[in-house]
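Asker: Mind looking over this structure? Questions follow.
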Amino acid sequence: MTDQRDQLCINTLRFLSLDMIQHANSGHPGLPLGAAPMAYALWTHQLRHHPANPHWVDRDRFVLSAGHGSALLYSLLYLTGYDVSLDDIRQFRQWGSKTPGHPERSHTPGVEVTTGPLGQGLANAVGMAIGEANLAARYNREGHTVIDHHTWAIVSDGDLMEGVASEAASLAGHLKLGKLICLYDNNHVTLSAGTDIAFSEVRAKRFTAYGWQTITVTDGNDVATIRTALDAARAETSRPSLILVRTHIGFGSPEQDSYQVHGSPLSAEDVKKTRETLGWPLDPPFFVPEPALAHFREALDRGARTEAEWNGRMENYARAFPELAKELQCRLHGELPSGWDDAIPVFPSDSKGMATRVASGKIMNAFAMKLPALFGGSADLDPSTHTALKGLGDFNPAMTASDNPEGSDSAGWSHAGRNLHFGVREHAMGAIVNGLAAHGGFIPYGATFLIFSDYMRPAIRLAALMGIHVVHVFTHDSIALGEDGPTHQPVEQLASLRAIPNLTVIRPADANETAVAWKVAVETRDRPVLLALTRQNVPTLDRSRYADADGLRRGAYVLSDAKDHKPSLILIASGSEVSLILAAAERLQSEDIAVRCVSIPSWELFDAQPQAYRDQVLPPNVPARLAVELGVSQGWCRYVGAHGDMLGVERFGASAPADVLLREYGFTVDNVVARARALLARC
């Protein structure tokens, strides 16, 4: 069932991985020893890729969701000819190497997404499959297929246990993502026990209920049967596929089928016994037989031919559909169309104003037609987050207009639709938009209430770690959302999110700051951007009286100043509290107190400014600084300094109308003025 060449290549994968782990004295040998046959079958039989060009647009995507098995992935990358050398393999898990402990996007050529936190990779793969389906539906034309690839993933027991994977798998089945195929390393063992201690459900029936095709391979070493299963999965076009491969963790080692081989290197004696059992030379380490290397390296010629054929199709497509081709190439290169933001409105001053979530919805719909890369949706909250793209259709299996259920966009259902309904699945939403961004061709967004960012934090952190372009639209950003009470009122969330490196958090003060915030969010390339927006109306500031909202681009700016630009007091706020400090400043100025008001919508953008600009906004010689924000005070000391003060929220919210809550928590003009006077008295 497995010929000699296959066996030689499989054992090359096994022992190259094992040598990596032993040399580093760190890693997870169980998965590479057990899963090598199915990985080999996939990479040599089905995977369409070009190792010399890891970014070829129409390549198949591969995700090792079980990221702890990274040694297996690095072995595959080296053997098939990616820019990963044998020296890189020897530097596994060492400082500065291309082969870190878990796969990292943009760090190792051929790694599509950063994985390790289980379940995230599977959900990323769902996002990639959505991306392929949407681009194919939008750009392919009869006789001209330019987007046509599959997304493959190797997933583990732990992946299937994590809730994020369940959410994502459920959505994938509903969306009929026929080009998504997951190979399940069904080895019955987790890091600390056998799966029967905590995981007894019938996994195949569970995924069948989700709407997946399920295929069982009873012998994980039977390459011929695995290939047949891969062929059957590729042939299914209307359902995602889960191939359940019965493997043996730590295959061939004395610790086979034991949890002890999951997360720790084997002993030197056990490595020797494993080599003897599988007929592998005892020396030298990192041995790669030439016939095995030659077979793996066939991927280079095969990939070059496949990419060249695609290039020819793309040239023909560009001649037949020049405008579509230009738009597609623009998206795939991450370029913004000329004039994409021309229709973004300038909002007139209005003391009543509007909620920044409402302004955001108007802004999104103003530029969506000119920015086809914008794609996303909410976790069943479109009426509240105002993130539906009107008239641009729903991403869903095709239905006739008469069958469209309540809540659908007027343009109907198809895989070309740009509104993605995540359902009540925040965990999966965060990971799926990461997969869309990693796929390329999208500026993906996901929307929910700010409080539910807690559900999404692992995915937000991974987006920041990967440096991918995702936009999170989080509304209902404070206790001022009112009667829903403390379960829905964010208090610590802003501080928590600002603590994530490489994440830009923007909390705009009014409709015009929201417009600039969206420009920043779209123009940013190397990190996720988070917009925190109000439920309640906030005044639209009179920009003939106050500084231009474009100051948001620098993170903080002087909205209003003392007459001689020599303030004795600085009031600082973000979001809805900016109008509060402006009202307080008017009263203080009537008492001949020289007040400066600073809007600070983004700490991260402000901290990136030159020191001279930061000192210009917050002069070091003005110690009397009062910050006002509807959240915990943590972190504000960097702006108010040792002698300043902070009016924040240091306890959970409560259920009451918004105006009552603001009064009870001290967010009134009277209290801000009193705190400012007390601060001046101390300074």
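Asker: Would you mind getting the accessible area per residue of region 527-683, heavy atoms of the protein chains only, 1.4 Å probe, in Å²?
Answerer: Per-residue value: 43 Å².
Asker: Next up: What label, among (i) 90, 58, 44; (ii) 73, 66, 59; (iii) 83, 73, 46, belongs to Cα extents along the principal axes in Å computed from the structure on display?
Answerer: Answer label, from the structure shown: (i).
Asker: From largest accessible area down, sort LYS563, LYS179, LYS272; use a 1.4 Å probe on the protein chains.
Answerer: Ranked from most to least accessible, the order is LYS563, LYS272, LYS179.
Asker: Another question, if that's okay. Give a residue-ordered list of calculated ³J(HN,Hα) values for region 653-659 (Karplus: 6.51 cos²θ - 1.76 cosθ + 1.60, θ = phi - 60°; whole Hz; x for Gly, Pro).
Answerer: Listing the rounded values in order: x, 7, 8, 5, x, 4, 5 Hz.
Asker: For a quick check of understanding: with a 1.4 angstrom probe and all protein chains in place, what accessible area in square angstrom does LEU122 have, to the nearest ten?
Answerer: The accessible area comes out at roughly 0 Å².
Asker: Given 0.36 nm per residue, what is the gain on full extension from ALA612 to ARG141 after removing their alpha carbon distance, in nm?
Answerer: That works out to 164.1 nm of additional length.
Asker: Continuing with the same structure: Can you give the net charge of the other residues whose Cβ lies under 12 Å from the Cβ of GLY27, counting K and R as +1 and D and E as -1?
Answerer: With Lys, Arg at +1 and Asp, Glu at -1, the net is 0.
Asker: Further question on the same structure: Starting from the amide H of VAL155, placed 1.01 Å from N in the peptide plane, find each other amide H under 5 Å away whose residue is 5 or more places distant or on another chain.
Answerer: LEU183, TYR184, ASP185
Asker: Right, something else. List the relative contact order of the chain as a percent without decimals, with contacts defined as Cα pairs under 8 Å and 6+ residues apart.
Answerer: So the answer I get is 12 percent.
Asker: When a/c is below 1.5 the answer is rounded, else prolate if a/b is larger than b/c, else oblate, so apply that to region 151-295 with a ≥ b ≥ c taken from the square roots of the Cα gyration tensor eigenvalues.
Answerer: Oblate shape, in that a/c is at least 1.5 and b/c is the bigger or equal ratio.
Asker: So, one more: For n ≥ 4 DSSP H runs only, could you compute -39500 (n - 2.57) per run for the chain, divide by its residues and tell me the 222 nm figure to the nearest 500?
Answerer: -12500 deg cm²/dmol
Asker: Sorted by accessible area with a 1.4 angstrom probe, largest first, how do SER200, SER576 fall?
Answerer: From most accessible down to least: SER200, SER576.
Asker: Quick one: of LYS179/LYS326; LYS179/LYS519; LYS98/LYS326; LYS326/LYS390; LYS352/LYS390; LYS98/LYS205, which pairs are farther than 32 Å apart, Cα to Cα?
Answerer: Violating the 32 Å limit, Cα to Cα: LYS179/LYS519; LYS98/LYS326; LYS98/LYS205.
Asker: Could you tell me the relative contact order of region 350-464? Use alpha-carbon pairs under 8 Å, at least six residues apart, and round to a whole percent.
Answerer: 28
Asker: Under the rule of at least 5 residues apart or a separate chain, name every residue whose amide H is placed under 5 Å from the amide H of GLY441.
Answerer: When sequence neighbours closer than 5 places are left aside, the close amide H contacts are GLY334.
Asker: Right, here's the next one. Apply the Karplus parameterisation 6.51 cos²θ - 1.76 cosθ + 1.60, with θ equal to phi minus 60°, to every residue of region 352-368 and state each ³J(HN,Hα) to the nearest whole Hz, in sequence, with x for glycine and proline.
Answerer: Values per residue, Gly and Pro as x: 7, x, 8, 5, 5, 5, 5, 4, 4, x, 5, 5, 4, 6, 6, 10, 4 Hz.
Asker: Could you do me a favour and compute the accessible area per residue for region 330-467, 1.4 Å probe, result in Å²?
Answerer: 38
Asker: Over region 266-315, average the accessible area per residue using a 1.4 Å probe and give it in Å², no decimals.
Answerer: I get 55 Å² per residue for region 266-315.
Asker: So what's the gap between the Cα centers of region 458-502 and region 594-660, to the nearest angstrom?
Answerer: 18
Asker: So how much accessible area does GLU276 have, in Å² to the nearest 10, using a 1.4 Å probe?
Answerer: Here the accessible area works out near 110 Å².
Asker: To continue, here is another question. Would you list ARG313, ARG553 from the most to the least accessible area, probe 1.4 Å?
Answerer: If we order ARG313, ARG553 from most to least accessible, we get ARG553, ARG313.
Asker: Leaving out ligands, DNA and RNA, what percent of the accessible area of the chain is carbon and sulfur, probe 1.4 Å?
Answerer: Using a 1.4 Å probe with all protein chains present, the chain comes out at 51 percent carbon and sulfur.
Asker: Just add up the charged neighbours of ASN621: K/R +1, D/E -1, any other residue whose Cβ is under 13 Å from the Cβ of ASN621.
Answerer: +2
Asker: Could I ask something else about it? Let me cross-check VAL558: its accessible surface, 1.4 Å probe, with only protein heavy atoms counted, in Å² to the nearest 10?
Answerer: Per-residue accessible area (VAL558): approximately 40 Å².
Asker: Now, a different point. In nm, to one decimal, how far is the LEU336 label point from the LYS390 one, both placed 7 Å along Cα→Cβ?
Answerer: Distance between label points: 2.4 nm.
Asker: If you take the charge dipole of the chain about its Cα centre, with +1 on Lys and Arg Cβ and -1 on Asp and Glu Cβ, which of HIS643, ALA355, LEU389 is farthest toward its positive end?
Answerer: HIS643
Asker: Averaging sequence separations of C-alpha pairs under 8 Å and six or more residues apart, then dividing by the length of region 463-528, give the relative contact order as a whole percent.
Answerer: Across region 463-528, relative contact order equals 50 percent.
The values are calculated or read from the model by the stated rules, or taken from the named source; none is laboratory data. Quantities reported herein were computed from a predicted structural model and do not represent experimental measurements. Quick reminder, even Gly has a Cβ in these numbers, built from the backbone with ideal geometry, and neighbours come from all protein chains shown. Quick note on the areas: whole protein, heavy atoms, side chains included, nothing else; ligands and nucleic acids left out. Shrake-Rupley method; radii C 1.70, N 1.55, O 1.52, S 1.80 Å.
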